[in-house]
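These notes are about the structure you will find just below.
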Amino acid sequence: MTFMPASFHFKKRYIAYCLIFLYFLLCQSCMTMRFSNKETTKFFAASKTEFQDKTMDFDGYKIHYVETGTIQNPTLFFVHGSPGSWNAFKEYLKDSLLLKKYRMIAIDRPGFGYSDFGDAQNLRVQSQRISEFIKKIDNKKPLILVGHSVGGPVVAQLAVDNPSWYKRLVIVSGSLDPKAENPEKWRTVIKASPLRYLIPGALRPSNDELWWLKQDLVALEPELKKITCDVTIIHGTKDALVPYSNVAFMKKMFVNAKSIDTITIEKANHFIPWSHYEIVRNALLNIQ
């Protein structure tokens, strides 16, 4: 029989503790899914696109955003999915054709990017905070909301809360049907301390809001009749994350929308803002 010295076992425990501690630190700093100001500057420099990278302070919270284009133009207002940040739409913000027609703003939603990172909020609170931001940046020109994935119900909630503010909603792969949402039971386990602190970066606030999403959508459903602007729905038939059945749900529930245009992309998955960039970009260009 071979005996290991006590110092050897101590070293193994010490290494294990160190690894656990390092993982805990990494969880707080990695997978933030956001650009630093330096990365943003480098990105726009390649196309010589003028931009603003700012954070607006409110009473108890912050909204970070990036803006391009001419302030006198109508505004495209981009709202990312979960997890994510403004840079989900970075290619659109430097698109030369879009820049000729629009001022463009992409935000970090509450809890993501540099908008109080980690502090997720439900749909109603997100709408309240983003609405206060929109009042600050309003240029009295037409305002078009573009929401991808969870950004879809966020822009719908915005339009429910202030129907007269918006010219059009563009909902890309949007998850609005509460019946299509089946929150995984494991999410409630990792929401609780201390396990939640083992979830890296932006996945933590994402887990929080995805756990709340179904109930948020249940509350939003009867309010969707308040949406009175034009609506464009863009969705892929092979979306495994947000079923295509959401399209039929939206067309049924947007009973007071001024118009509803549907763009169905055959065999497309959830990531069409990037995989089918030209289709989405052209839909935005064609808005009258």
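Return the total of residues in the range 194-240 being modelled with pLDDT under 95, farther than 21 Å from residue 161 by Cβ and not small (Gly, Ala, Ser).
14
Can you name the number of the only condition in (1) over 18 Å from residue 166 (Cβ atoms); (2) crowded, with 16+ Cβ neighbours inside 10 Å that residue 266 fails?
Evaluating residue 266 over (1) over 18 Å from residue 166 (Cβ atoms); (2) crowded, with 16+ Cβ neighbours inside 10 Å leaves (2) as the failure.
Does residue 20 satisfy being surrounded by fewer than 18 Cβ atoms within 10 Å (Cβ to Cβ), β-branched (Val, Ile, Thr), modelled with pLDDT under 95 and more than 22 Å from the chain's Cα centre (by Cα)?
Against the criterion (surrounded by fewer than 18 Cβ atoms within 10 Å (Cβ to Cβ), β-branched (Val, Ile, Thr), modelled with pLDDT under 95 and more than 22 Å from the chain's Cα centre (by Cα)), residue 20 qualifies.
From the list 232, 228, pick out the single residue that is touching a helix residue (DSSP H, G or I) at 6+ places or on another chain (Cβ under 9 Å), part of a loop (DSSP other than H, G, I, E, B), surrounded by 13 or more Cβ atoms within 10 Å (Cβ to Cβ) and hydroxyl-bearing (Ser, Thr, Tyr).
Testing whether each residue is touching a helix residue (DSSP H, G or I) at 6+ places or on another chain (Cβ under 9 Å), part of a loop (DSSP other than H, G, I, E, B), surrounded by 13 or more Cβ atoms within 10 Å (Cβ to Cβ) and hydroxyl-bearing (Ser, Thr, Tyr) leaves just 228.
Between a residue in the range 263-288 that is within 10 Å of residue 234 (Cα to Cα) and any residue that is part of a loop (DSSP other than H, G, I, E, B) and of a type outside the set (S, T, N, Q), which pairs come within a Cβ distance under 8 Å, given they are 6 or more apart or on different chains?
Cβ pairs passing all conditions: 264/244; 265/276.
I'd like to know if the range 91-101 contains one or more residues that are closer than 14 Å to residue 56 by Cα, crowded, with 23+ Cβ neighbours inside 10 Å and over 10 Å from the mean Cα position of the chain (by Cα).
No, the range 91-101 contains no residue that is closer than 14 Å to residue 56 by Cα, crowded, with 23+ Cβ neighbours inside 10 Å and over 10 Å from the mean Cα position of the chain (by Cα).
Which condition number in (1) touching a residue at least 60 places away in the same chain (Cβ under 8 Å); (2) of a type outside the set (Asp, Glu); (3) surrounded by 14 or more Cβ atoms within 10 Å (Cβ to Cβ) is the one that residue 72 fails?
(3)
The values are calculated or read from the model by the stated rules, or taken from the named source; none is laboratory data. On a predicted model such as this, the values are computed, not experimentally measured, just so you know. Using ideal geometry, Cβ is built from the backbone for each residue, glycine included, and neighbour counts are taken over all protein chains shown.
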